[in-house]
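Single-structure report; data block below.
Each reported figure results from applying straightforward, stated rules to the coordinates on display, with no laboratory input. Note that the coordinates shown come from a computational prediction; the quantities given were computed from them, not determined experimentally. Cβ: placed from backbone, ideal geometry, glycine included. Neighbour counts: every protein chain shown.
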Amino acid sequence: MSQVEAPEAPAEEADAPQQLQLALVYGEALTEMPVDLYIPPDALEVFLEAFEGPLDLLLYLIRKQNIDILDIPVAEITRQYMSYVELMKNVRLELAAEYLVMAAMLAEIKSRMLLPRSSEVEEEEGDPRAELMRRLLEYERFKAAAEGLDELPRVGREVLVPRLEAPQAKARKLLPEVALEEILLSMAEVMRRNDLFESHQITREVLSTRERMSEVLERLKGGAFVPFVELFSAEEGKLGVVVTFMAILELVKESLIELVQNAPFAPIHVRARAE
């Protein structure tokens, strides 16, 4: 094979005009492509076939010549197999030990078939190729199954799964709802506290639910949470408590205020609903 080195121009001649050197062949500069370029036969070797083991190689040789696996001409197959082994040695490929084991097995089968045998021995031992044929048939079945699996669609090869990032969403905090029973319990607590300050003086007061609704809204101005019980004044007596309670219910009905309770039996808070 010809030895080819990369061109390297001398430093002292770098500034001088010169022809482009394509390569250095045995120390001589090559500036033009040769017309009658000759490539030695051993300069380039292409090794195309690749096998996964000795059984794969034997199966390839049998298929290539359309030979029946159940009637293998051992002598011819052994000759071709050994030629392939010698070829791998010539191209300096690393030979696995299993290839040499198969070569020895073929040589043994070939010798057993060449030696004369009596009918009794032949009937007792059977066909020397039987074990080899069994292994080849089993390997052929597994190889066909593997090829069938390889032809199935695969994710990332034939099937692409599209992925789309979810849009960013702003979470809205949901305020807990207040049950009517909880409102009644709070009302009962207000009534109990009012009994402690009950007055025995009988006076007549004119109370308006609409006016009390305006007072409650004024108290809740600013949007802050106010405890439910602080909207009531014990000094007004039961009548004032009832009027305030009715005003609160009307405001809830008209969606002007909202009631919030964080847990069962927890204090109820009130705030004006945002427009």
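Could you check the spin-label model distance between D36 and E123? Points 7 Å from the Cα along Cα→Cβ, value in nm.
7.3
What does the charge add up to near L70, with Lys and Arg as +1, Asp and Glu as -1, over the other residues with Cβ less than 15 Å from its Cβ?
Taking every Cβ under 15 Å from that of L70, the sum is -1.
So if each residue of separation counts as 0.36 nm, and I subtract the Cα-Cα distance between K253 and A97, what length gain in nm does that give?
Length gained between K253 and A97: 47.0 nm.
Straight-line reach from K143: which lysines have Cα under 21 Å away, leaving out those fewer than 8 places along the same chain?
K64
Taking θ as phi - 60°, what are the ³J(HN,Hα) couplings along region 230-240 by the Karplus curve (6.51, -1.76, 1.60), each to the nearest whole Hz, with x for Gly and Pro?
6, 7, 10, 10, 5, 5, 6, x, 5, 5, x
For a quick check: with amide H placed at 1.01 Å from N, whose amide H comes under 5 Å from I257's, ignoring anything fewer than 5 positions away on the same chain?
V252, R273
Equivalent-ellipsoid semi-axes (√(5λ), Cα gyration tensor) for region 180-272, whole Å, largest first?
After scaling each eigenvalue by five and taking roots: 22, 17, 10 Å.
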